Amino acid sequence: MAPYIGTAQSRVDGIAKVTGAAKYAADHNVAGLLHGSVVCSTITKGRIRRIDASAAMALNGVLAVLTHDNRPPMPDNDEAYKDDTAPAGSPFRPLYDDRILFNGQPIALVVAETSEIARFAASLIQADYDQAPHVTDIRRRLDQSVPPPQAKDPLDAVFLPPKPRGTPDRALAAAAVRHEGEYYVPIEHHNPMELFGSTVIFESDGRLTVYDKTQGVQAVHKYLCSVFSLRPEEIRVLSPFMGGGFGVALRPGFQAVLAVLAARALKRSVRVVLTRPQMYVLGYRPAMIQHIALGANTDGTLEAIAHDAVTVTSQYEDYHRQETGWSGLLYKSAHAKYEHRLAKLDLATSCDMRAPSAASAVFALESAMDELAVALKLDPLELRLRCYSERDQHEDRAYSSKALRDCYRQAAEAFGWHKRSAAPRSMREGSDLVGWGMATGVWEALQVPITVRIVLTANGHAEVACATSDIGTGTYTIMAQVAADALGLPIDNVSVKLGDSSLPQSPVEGGSWIAASVSNGIVTTAEAIRDELLHLARQMPNSALADAMPADVALSEGKLVSRRDAKRAVLIADLMRQSGVDRVSQEKTTNPNHDATRANNAHAAHFAEVKVDEQLGIIRVTRIVSAVAAGRILNTKTASSQILGGVVWGIGMALHEETHVDHAFGRIMNANIAEYHVPVNADVHDIKVIFVDEPDSSNPLGIKGVGEIGIVGVAAAIANAVHHATGTRVRDLPITLDKLQR
Ligand code: MOS
């Protein structure tokens, strides 16, 4: 059996997905299922004066209209609504009271026999409001922006700006070459293909089985127990398959609260599915106004970096990430300072969206670096190499590994970067201007505590179980690969169970941390299985492994084998039969082996080609080469797809994506995927993904994760290519053709 880790294994859940056997949250049917339709606020701020549900209730097939007025009791304290990833503040409480905090806020749930009746009835609900003035424009709140709240614990502290170093103001003033610029990233939305939905099955004994779209079944389980004062065994949350999360399903969605509320009120099974527009108030990438100042020497080394940012959050919660620190991490600079402020607007709370903070911040940094390269008359890649940082300067420590130089070299070579002509507007093809740009990407390599259970049966089958999610990224597949290698089994003999709150503990799937966490967790548990088998083997009469120590034996091809002498082996099936056991089962928790003396980051280099129609300003991204250093790559096929997805998202960020709020009404104007533009096939051309070799020992398998690194830097590489093609620098995303016509 060849090892599976590192191969291009196809998805083990692929057939289930393409045949429709894989059911999503809203696909689960039970007899007598009721359907909920959500009614949303049409004002942005104020109070509900009255909700008239009489026309809806008069319809045949409508069972209930739940509002803040008639809902069953709910807790009256913020703590009860705090989910695992809640920011500081006062979490939103669905259908709690008459206060309106944002446009599109759920104000009622219509429950009916069919989804059609529910939706029609929802359209008949009349609400009267007392409106209050609102502000939804970041630029109208800059004066009143506030710093992020003090961190309550070390986990929170990582989201505050790093400490400044040196004397940045003096160094900037004295720098031979300076570049300063303001960069803007608009509000963006995740738009996963799968709509948010919850199917709550009201079991005969009153327990609830909840199929919910979530990146963390146990986080939702804990949250629902808290909001509804349930004992853990009274409710089970499942999410075995997901059609994309990207961060918007990290926090529990209000569809789950509404569905459980209705199921408990009516003692019936209820499904609530949000419409596409309703998903736009679940969360979004915060708009971000950034200012960057770079001070350099004439030789292209950096002296000083100053990066400040204002990001958007709600009035009621202070969502933020460490937005600005990426700058002083990525490039060597003796002097650096950072500032981060929050503009609190009358919108729902912003949230994590693929590579939160880095995707936005590195767009600004890498655009600014390109502008500095122009000012220095230096090749942009050469500038990055001269500013290359061997150490994490925030903490003054080495990296566990950093093969970014290899990323630059391999991507540049594959792209043909040396053929670039330096001057803007100097490359053409027919009537198109051709531009080549590049940028760096960086993300964290994280690991979280996780528990894995393995049950190995005498027939050579293993079941691997953990409450983590597969948000579409391939978690099932890598878990099967790692387990097959660790247990010495064919991959077809491994079944994976995940996405169920009753399984062994896992945090939410986010931050690109699950591959490293669950894979090392599987190895730990497989070692416990091996130890138990060895314990049995040593008790067998005339055992070939009588004096073997755990570290001396491995599981391979259905056998327990001495690493020193392959002839000393016992068949696991024989061993179990003779020992009178039909299965061995182990459940182990694996904590990160955190070495504070090393920084753990993944890196990438992106090279982009654009062709710009000179008359019309139409931009096509014709080629991208992305080289990624992310430690050990478990599965070259699914990992490559992850990076491709990130790069495509980078194209969207650069050219298409922008959520428009009508500030007069406080309402999102393009809350649908017809008017919120994402890249489609016609926008996506040639993308090449390269994984560079990067041995890493920050965890036993050397995994860093690839969920987010693919997007970071792509928008800047494209913006830089657009500047190279046209001579026009666009600092506010997306780069639409009107911005090229100035
Ligand atoms: Mo990711 S934005 O942590 O789902």
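The values are calculated or read from the model by the stated rules, or taken from the named source; none is laboratory data. Not measured: the values here are computed from a predicted model. Backbone-built Cβ (ideal geometry, glycine too); neighbour counts: all protein chains shown. Ligands, DNA and RNA are excluded from the accessible area calculation, which covers all protein heavy atoms including side chains. Shrake-Rupley method; radii C 1.70, N 1.55, O 1.52, S 1.80 Å.
For the listed residue pairs LYS23/LYS497; LYS23/LYS704; LYS402/LYS739; LYS17/LYS497; LYS337/LYS419; LYS163/LYS588, the alpha carbons are over 26 angstrom apart in LYS23/LYS704; LYS402/LYS739; LYS337/LYS419; LYS163/LYS588. Ranking LEU456, ALA544, VAL647 by how far each Cα lies toward the positive end of the dipole of the chain (charges on Cβ) leaves ALA544 at the top. What is the distance in Å between the Cα centroid of the stretch 313-333 and that of the stretch 131-170? Value for the Cα centre distance between the two parts: 8 Å.
The residue among SER10, THR85, LEU63 whose Cα reaches farthest toward the positive pole of the charge dipole of the stretch 1-116, with charges on the beta-carbon of Lys, Arg, Asp and Glu, is SER10.
Computed with a 1.4 Å probe over protein heavy atoms only, the accessible area of HIS394 comes to about 50 Å². In a reduced charge model with +1 at each Lys and Arg Cβ and -1 at each Asp and Glu Cβ, the chain shows a dipole moment near 320 debye about its Cα centre. Mean separation of Cα pairs under 8 Å and 6 or more residues apart, divided by the residue count, gives the chain a relative contact order of 17 percent.
For the stretch 382-448, with all protein chains in place and a probe radius of 1.4 Å, 45% of the accessible heavy-atom surface sits on carbon or sulfur.
Over the chain, average the accessible area per residue using a 1.4 Å probe and give it in Å², no decimals.
Accessible surface, normalised per residue, equals 39 Å².
Packing-based ranking of 21-34, 191-204, 419-432 yields 191-204, 21-34, 419-432, ordered from highest to lowest mean Cβ neighbour count within 10 Å. Maximal additional length on extending the ASN459-ALA546 stretch stands at 29.0 nm, based on 0.36 nm per residue less the C-alpha distance.
Calculate, for ARG564 and HIS660, the FRET efficiency according to 1/(1 + (r/R0)^6) with r their C-beta to C-beta distance and R0 60 Å; round to the nearest 0.05. Calculated value: 0.35. The equivalent ellipsoid that matches the C-alpha gyration tensor of the stretch 182-324 spans semi-axes of 42, 14, 13 angstrom, in descending order. If you take the Cα centroid of the stretch 483-508 and the Cα centroid of the stretch 197-275, the two points sit 23 Å apart.
Spin-label pair ALA132-HIS418: with each label point 7 Å from Cα along the Cα-Cβ axis, the two points sit 6.5 nm from one another.
Under a cut-off of 23 Å between alpha-carbon atoms, report the lysines in cross-link reach of LYS82, not counting same-chain residues fewer than 8 places apart. In chain and number order, the partners are LYS45, LYS152, LYS213, LYS222, LYS344. The overall shape of the stretch 663-708, judged from the alpha-carbon gyration tensor, is oblate: a/c is not under 1.5, and a/b is no greater than b/c. Using a 1.4 Å probe on the protein chains only, how many percent of the accessible area of the stretch 102-223 belongs to carbon and sulfur? Roughly 53 percent, rounded to a whole number.
Using a cutoff of 8 angstrom between alpha carbon atoms and counting only pairs six or more residues apart, the relative contact order for the stretch 541-631 works out to 16 percent.
Between the residues VAL111, GLN126, LEU142, the greatest Cα displacement towards the positive end of the dipole of the stretch 109-152, with unit charges on the Cβ of Lys, Arg, Asp and Glu, is found for LEU142.
Note: relative contact order over the stretch 1-102, using C-alpha pairs below 8 Å and six or more positions apart, is 33 percent. Counting residues in the stretch 1-53 as N, plug N into 2.2 N^0.38 Å and put the Cα Rg over that result. Scaled against compact globular proteins, the figure is 2.29.
Between ASP205 and LEU571, the modelled label-to-label distance comes to 4.1 nm, taking each label 7 Å out from Cα in the direction of the beta carbon. Taking each residue as 0.36 nm, the span from THR114 to ASP84 lengthens on full extension beyond its C-alpha to C-alpha distance by 7.4 nm. Sorting 256-269, 517-530, 371-384 by average packing, meaning the other beta carbons within 10 Å per residue, from highest down gives 517-530, 256-269, 371-384. Each 10 Å bin from zero up to the one holding the largest Cα-Cα distance in the stretch 36-80 carries the following percent of pairs: 19, 45, 31, 6. Computed packing ranks the peptides 142-150, 60-68 as 60-68, 142-150, most packed first, by mean other Cβ atoms within 10 Å.
As an equivalent ellipsoid, the stretch 88-201 spans semi-axes of 45, 19, 17 angstrom, where each value is the square root of five times an eigenvalue of the C-alpha gyration tensor, largest first.
Evaluated with a Cβ-only charge set (Lys, Arg +1; Asp, Glu -1), the stretch 628-701 carries a dipole of roughly 220 debye about its Cα centre, given to the nearest 20. Where a ≥ b ≥ c are the square roots of the eigenvalues of the C-alpha gyration tensor, would you call the stretch 294-449 rounded, which needs a/c under 1.5, or, failing that, prolate if a/b is larger than b/c, or oblate? Because a/c hits 1.5 or more and a/b exceeds b/c, the stretch 294-449 counts as prolate.
Rounded to the nearest 500, what is the chain's calculated 222 nm mean residue ellipticity when only DSSP H runs of at least 4 contribute -39500 (n - 2.57) each, over all residues?
Value at 222 nm, helices only: -7500 deg cm²/dmol.
The share of accessible area on the stretch 572-664 that comes from carbon and sulfur is 45 percent, using a 1.4 angstrom probe.
Projection of the Cα convex hull of the chain, averaged over all directions and equal to a quarter of that hull's surface, yields 34.1 nm². The slack in the chain from SER697 to HIS594, taken as 0.36 nm per residue of separation less the alpha-carbon distance, amounts to 36.0 nm.
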